[in-house]
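Trainee: The structure's right below; bear with me while I get my questions together.
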Amino acid sequence: MTTTETTEAPPAWNKPPPNIDKDSREFWDGLARHELLLWTCHTCGAQYWPKAYCIKHENEPWAANLSWQPSSGRGKLFAYNVHHWAFHPGFKDEVPYYYALVELDEGPLISATMVGRPPAAGDVGKAVRIAYEDHPEGFTIPHFEFVGD
Ligand SMILES: [Zn+2]
């Protein structure tokens with residue numbers, strides 16, 4: 001399955017592909033290197049996901065004061081929901097799956113499916129970290145897993 005150390009080859013990808021475009025290519029390239037990148041302001045240090053202009057001051061044209069920088073990949077479970085229905089046939093063998101909203105240690109909220117132990121009532125606020133699922137099709141899918149239990 002998925003871990004932060006090594007990843008076994010998953011089955012062939014049979015789901016809709018990730019939406020990788022010119023604005024997110026560098027983010028997805030970071031995932032392939034097992035780095036969770038956050039859009040970072042060089043003026044004040046604020047971090048964002050997804051891309052945004054820094055809300056704390058004026059920005060340089062074309063967001064020249066911002067770039068993608070590595071994060072800790074750690075945070076806490078902010079909320080989650082359980083999906084019992086597969087909206088695409090590629091997910092039918094994975095239901096129910098757990099979709100988490102994670103508050104990263106750096107501040108931004110980001111969402112991904114949980115792997116490992118599924119969340120339960122009382123898990124909101126518990127520590128999680130990113131887990132990477134590499135695909136030979138050329139992309140890496142981020143997940144989150146609990147830390148320390
Ligand atoms: Zn800023």
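Trainee: Given the options A12, V102, S72, identify the residue whose Cα lies farthest towards the positive end of the charge dipole of the chain (+1 on Cβ of Lys, Arg; -1 on Cβ of Asp, Glu).
Mentor: Most positive-ward Cα: V102.
Trainee: Can you list, by residue number, the Cys in the chain that have no neighbouring cysteine C-beta under 4.7 Å?
Mentor: Unpaired cysteines in the chain: C44.
Trainee: Please state the charge dipole magnitude for the range 25-146, taken about the Cα centre, from unit charges on C-beta atoms (+1 on K and R, -1 on D and E), reported in debye and rounded to the nearest 20.
Mentor: Roughly 280 debye, rounded to the nearest 20.
Trainee: Go through the range 109-115 residue by residue and turn each phi into a ³J(HN,Hα) via Karplus (6.51, -1.76, 1.60, θ = phi - 60°); whole Hz please, and just put x for glycine and proline.
Mentor: Result, rounded to whole Hz: 8, 9, 10, 6, 6, 8, 10.
Trainee: So what's the net charge close to C44: Lys and Arg +1, Asp and Glu -1, counting the other residues with Cβ under 14 Å from its Cβ?
Mentor: Overall, the nearby charge balance is -2.
Trainee: Still on this structure, I have one more. Which one of N19, N65, N81 has the biggest mean-square fluctuation once the chain is modelled by GNM with Cα springs under 10 Å?
Mentor: N19
Trainee: Only bridges whose two residues both fall in the range 25-146 count here: according to DSSP, what percent of them are antiparallel, nearest 5?
Mentor: Within the range 25-146, antiparallel bridges account for around 95 percent of the total.
Trainee: Once you put a point 7 Å from the Cα of Y97 and another 7 Å from the Cα of S24, both along the Cβ direction, what distance in nm separates them?
Mentor: Label-label distance for Y97 and S24, simple model: 1.4 nm.
Trainee: For the range 49-66 and the range 91-149, what is the separation of their Cα centres, given in Å?
Mentor: 28 Å
Trainee: What's the Cα-based Rg to Rh of the chain, Rh via Kirkwood?
Mentor: Over the Cα atoms of the chain, Rg/Rh equals 0.98.
Trainee: Something else now. Karplus couplings for the range 48-57 from phi (6.51 cos²θ - 1.76 cosθ + 1.60, θ = phi - 60°), rounded to Hz, Gly and Pro as x?
Mentor: 9, 8, x, 3, 7, 6, 4, 8, 9, 5
Trainee: Using θ = phi - 60° and the Karplus curve 6.51 cos²θ - 1.76 cosθ + 1.60, what whole-Hz ³J(HN,Hα) does each residue of the range 71-87 get, with Gly and Pro shown as x?
Mentor: Calculated HN-Hα couplings, in order: 10, 6, x, 10, x, 9, 5, 9, 6, 7, 9, 10, 9, 9, 10, 7, 7 Hz.
Bear in mind that the values in this text are calculations on the coordinates, not laboratory data. All of these numbers come straight from a predicted model, not from anything done at the bench. So basically every Cβ, Gly included, is an ideal-geometry build from the backbone, and we count neighbours across all protein chains shown.
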